[in-house]
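Engineer: One structure follows; several queries about it will come next.
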Amino acid sequence: MSTTSLLASSRQNNHLWRKIKNWLMVSSSIGSALLVILPLGLVLFYLVYKGAAAINLGFFTNVPAPPGDTDGGMANAIVGSFLLLGMAVLVGAPMGILGGIYLSEYGNEKLNGAIRFCADVLNGVPSIVWSIIVYEVLVVPMRGYSLLSGGIALGLMMIPLVLRTTEEVLVLVPNSYREAALALGIARWQIIVKIVVATAYKGIITAVLVAGARIAGETAPLLFTAFGNLNWCTGLNQPVAALPLQIYAYAISAYEDWHRQAWAGALVLIGFVFIINISVRFMTRERKA
Amino acid sequence: MVPKIMKDEVAAVNNEEENVQEAATVSLDVNDLCLWYGKHQALYDVSIKIPANKSTAIIGPSGCGKSTLLRTFNRMHEVSPGARMSGKVHLFGEDLYSPEIDPTILRRRVGMVFQKSNPFPTMTIRENVLVGLRLNGVRDKKILNERLESCLRMAALWDEVKDHLDRPGTGLSGGQQQRLCIARAMAMEPEVLLMDEPCSALDPIATMKIEELITTLKTKCTVVIVTHNMQQAGRCSDFTAFMYLGKLVEFDRTEKIFTNPDKQQTEDYITGRFG
Ligand SMILES: Nc1ncnc2c1ncn2[C@@H]1O[C@H](COP(=O)(O)OP(=O)(O)O)[C@@H](O)[C@H]1O
Ligand SMILES: [Mg+2]
């Protein structure tokens, strides 16, 4: 026990220096926070500034037109992006969700560790690599670029994302519910479906949405798979347009109005991703209530 | 003028009273039960005959293995990683640990209520009560509705919830939630109801309601209740088992345990002289 009085200890402690340290800490955190928000603000501002003018009804209803023809649009790319996204969800969500269920509900420590490690490695695989692999495995045997291969490339990218997040939300379901269900003599698979997944379903939908938002803007996986299309896609085995591909093609072209349309496409793409993220926020907010 | 033969019968009855553990139908018969969590032994050679349609309290200081013993009655301990056991448990003469026994089927006949009430958060009051039946394939509306009402009445919850059966079960108060869990367990019409400190998170009034319930419940099934509250054991049990450090010290009629226990250890614990 110290015998110094409170007052004496307080005086010893250098107040000014502590205040300066505190101020430095606070201001650098605020500065860093601003640095995070700033780029987002810049991107949004620039996209609106450059792209808003090119957005009109025709942009959403027409297919691309030759340069100089001003009533061209990106309708096929918008629809194509949704088709690809839907296909990716069909491929990636079931595998990711089932994998996450395995990790959380079955699995043993060793195997789980291996699976998590693989998922993390897969998550780090550059998207162009996915493109090349799907090209070799699907595009070449099918003799052509296609919606199917593009969707699968995106879906494969979704799997590790959905898997890890699903596992996280399932682990959060309190064990007491599993125990209560076990004690009622309910079968294991029913407990998982009707109790555990039912309790965490919003988190799982969020996982799929977040992964979807993440891959919606991917260009590289589509380069050798979906390929792009200046017209409507006519079948699963046909090339399909996608917003990121169209933006890329227009942005590297030499034509001023195509450049403007590329900006508009980027704005629409960001808009979609934004909407997905807002709905995620909405869902997670409701979960807390 | 009592005929001699009648006298003998009375004597026999008195004798049974003395030896009631022998006389009553045994619901759970536990023999030389040992249990380990990994290297740590949690139960040592527990043998106990739990009488049917009575309530039996398991008391003892925390960590002495009460919950562990309870969970061997519906094989819930098998969920804990590293748990191993030896010995036998028979439910009305059937070996619970025989290799052909499916623990899922067993658990429909031995229900359990936990320390923390745990109604399923995605389900309404009605769904919570009926979930066990529904997921085990009962579709008949009439049966389900009857069971819903009878179990909620049995849990003394019917009057409080009958007008909003379709509200979420988690919207109820703590005590109501725990009674909902009792109704949920009773919906399976179990032969034994295990309760692991069902009142330890409840206020005295909610606790009293659950204690009163036990009298009703034991007309339907055997009740085994773990508690670290001795007054509670005294109030709501016919038999009491005292455990200490993983061993069953003494098991007898509750009055006997509380007034005139055979073992010094029991007496010390009951009188609060425990270290
Ligand atoms: N799942 C488990 N894994 C390892 N040890 C456990 C587990 N559950 C209980 N134990 C241990 O077993 C002993 C008995 O625990 P428990 O049956 O919960 O006691 P009580 O219910 O009487 O408080 C304690 O020492 C406890 O630490
Ligand atoms: Mg306990």
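Engineer: If I filter region B:231-253 for residues that are at pLDDT 95 or above, within 16 Å of ligand 1 (Cβ to nearest atom) and at positive phi, do I get at least one hit?
Structural biologist: yes
Engineer: Which ones in region B:73-105 are closer than 17 Å to B:V26 by Cα and more than 16 Å from ligand 1 (Cβ to nearest atom)?
Structural biologist: Correct list: B:K88, B:H90, B:L91, B:F92, B:G93, B:E94, B:D95, B:L96.
Engineer: Please give the strands (runs of 3 or more DSSP E) falling wholly within region B:175-275 in which 2 or more residues are open to solvent by 10 Å² or more (accessible area, probe 1.4 Å).
Structural biologist: Result: B:247-253.
Engineer: Please list, ordered by first then second residue, the pairs with beta carbon atoms under 9 Å, 6 or more apart or interchain, first in region A:77-88 and free of Cβ contacts under 8 Å to residues at least 12 places away in the same chain, second open to solvent by 30 Å² or more (accessible area, probe 1.4 Å).
Structural biologist: If the second residue must be open to solvent by 30 Å² or more (accessible area, probe 1.4 Å), the pairs left are A:F82/A:F272.
Engineer: Is it the case that region B:177-199 has a residue that's more than 14 Å from chain A (Cβ to nearest Cβ) and within 16 Å of ligand 1 (Cβ to nearest atom)?
Structural biologist: Yes - at least one qualifying residue is present in region B:177-199.
Engineer: Which members of region B:72-108 meet the condition of being over 18 Å from A:A187 (Cα atoms), within 16 Å of ligand 2 (Cβ to nearest atom) and without any contact (Cβ under 8 Å) to a residue 12 or more places away in the chain?
Structural biologist: Result: no residue meets the conditions.
Engineer: Criterion first (modelled with pLDDT of 95 or more, part of a helix (DSSP H, G or I) and in the same structural domain as A:I276 (by TED's automatic domain parsing)) does A:L111 satisfy it?
Structural biologist: No.
Engineer: Also: Which numbered condition in (1) away from chain A (no Cβ under 12 Å); (2) within 23 Å of B:P121 (Cβ to Cβ) is the only one that B:E212 fails?
Structural biologist: The single condition B:E212 does not satisfy is (2).
Engineer: Give the residue, chosen from A:G155, A:G96, that is touching a Ser or Thr at 6+ places or on another chain (Cβ under 8 Å), assigned to a helix (DSSP H, G or I) and of a type outside the set (A, V, I, L, M, F, W, C). Step through it out loud before you land on a result.
Structural biologist: Numbers: A:G155 fails: touching a Ser or Thr at 6+ places or on another chain (Cβ under 8 Å).
The match here is A:G96.
Engineer: Another question about this same structure. Taking B:G38, is it within 16 Å of ligand 2 (Cβ to nearest atom), over 24 Å from A:I191 (Cβ atoms) and without any contact (Cβ under 8 Å) to a residue 60 or more places away in the chain?
Structural biologist: Against the criterion (within 16 Å of ligand 2 (Cβ to nearest atom), over 24 Å from A:I191 (Cβ atoms) and without any contact (Cβ under 8 Å) to a residue 60 or more places away in the chain), B:G38 does not qualify.
Engineer: Could you pull out the residue among A:I275, A:I252, A:I247 that is open to solvent by 40 Å² or more (accessible area, probe 1.4 Å) and closer than 28 Å to A:Y135 by Cα?
Structural biologist: A:I252
Engineer: For the structure I just gave you, tell me whether A:A77 is surrounded by 14 or more Cβ atoms within 10 Å (Cβ to Cβ) and within 20 Å of A:Y248 (Cα to Cα).
Structural biologist: So A:A77 passes the test.
Engineer: Go through region B:73-123 residue by residue and tally those that are within 14 Å of chain A (Cβ to nearest Cβ), at positive phi and exposed (fewer than 15 other Cβ atoms within 10 Å of the Cβ).
Structural biologist: Adding up the residues that qualify gives 1.
Engineer: Also: Going by the structure shown, is B:V138 within 14 Å of another protein chain (Cβ to nearest Cβ), more than 18 Å from the chain's Cα centre (by Cα) and of a type in the set (V, I, T)?
Structural biologist: The answer is yes for B:V138.
Engineer: Restricting attention to region A:181-240, and to residues there that are facing chain B (nearest Cβ under 10 Å) and hydroxyl-bearing (S, T, Y), which single residue is least open to solvent (accessible area, probe 1.4 Å)?
Structural biologist: This residue is A:T199.
Engineer: Collect the residues in region B:52-72 that are away from ligand 1 (no atom under 16 Å from the Cβ) and crowded, with 20+ Cβ neighbours inside 10 Å, keeping them in residue-number order.
Structural biologist: B:S55
Engineer: For the list (1) closer than 24 Å to B:K218 by Cβ; (2) at pLDDT 95 or above; (3) more than 9 Å from every other protein chain (Cβ to nearest Cβ), I need the number of the one condition that B:H40 fails.
Structural biologist: Among (1) closer than 24 Å to B:K218 by Cβ; (2) at pLDDT 95 or above; (3) more than 9 Å from every other protein chain (Cβ to nearest Cβ), B:H40 violates only (1).
Engineer: Restricting to region A:160-180, count the residues that are open to solvent by 30 Å² or more (accessible area, probe 1.4 Å) and either more than 14 Å from chain B (Cβ to nearest Cβ) or over 24 Å from the mean Cα position of the chain (by Cα) (or both).
Structural biologist: Residues flagged as open to solvent by 30 Å² or more (accessible area, probe 1.4 Å) and either more than 14 Å from chain B (Cβ to nearest Cβ) or over 24 Å from the mean Cα position of the chain (by Cα) (or both) within region A:160-180 amount to 11.
Engineer: Quick one: which residue in B:L152, B:L144 is surrounded by 20 or more Cβ atoms within 10 Å (Cβ to Cβ) and more than 13 Å from every other protein chain (Cβ to nearest Cβ)?
Structural biologist: Only one candidate passes the filter, namely B:L152.
Engineer: Tell me which residues, restricted to region B:41-71, are among the hydrophobic types (A, V, I, L, M, F, W, C) and within 12 Å of ligand 2 (Cβ to nearest atom).
Structural biologist: B:A42, B:I58, B:I59, B:C64, B:L69, B:L70 - these are the residues of region B:41-71 that are among the hydrophobic types (A, V, I, L, M, F, W, C) and within 12 Å of ligand 2 (Cβ to nearest atom).
The values are calculated or read from the model by the stated rules, or taken from the named source; none is laboratory data. On a predicted model such as this, the values are computed, not experimentally measured, just so you know. Please note: Cβ atoms are built from the backbone with ideal geometry, for glycine as well, and neighbour counts cover all protein chains shown. Quick note on the areas: whole protein, heavy atoms, side chains included, nothing else; ligands and nucleic acids left out. Shrake-Rupley method; radii C 1.70, N 1.55, O 1.52, S 1.80 Å.
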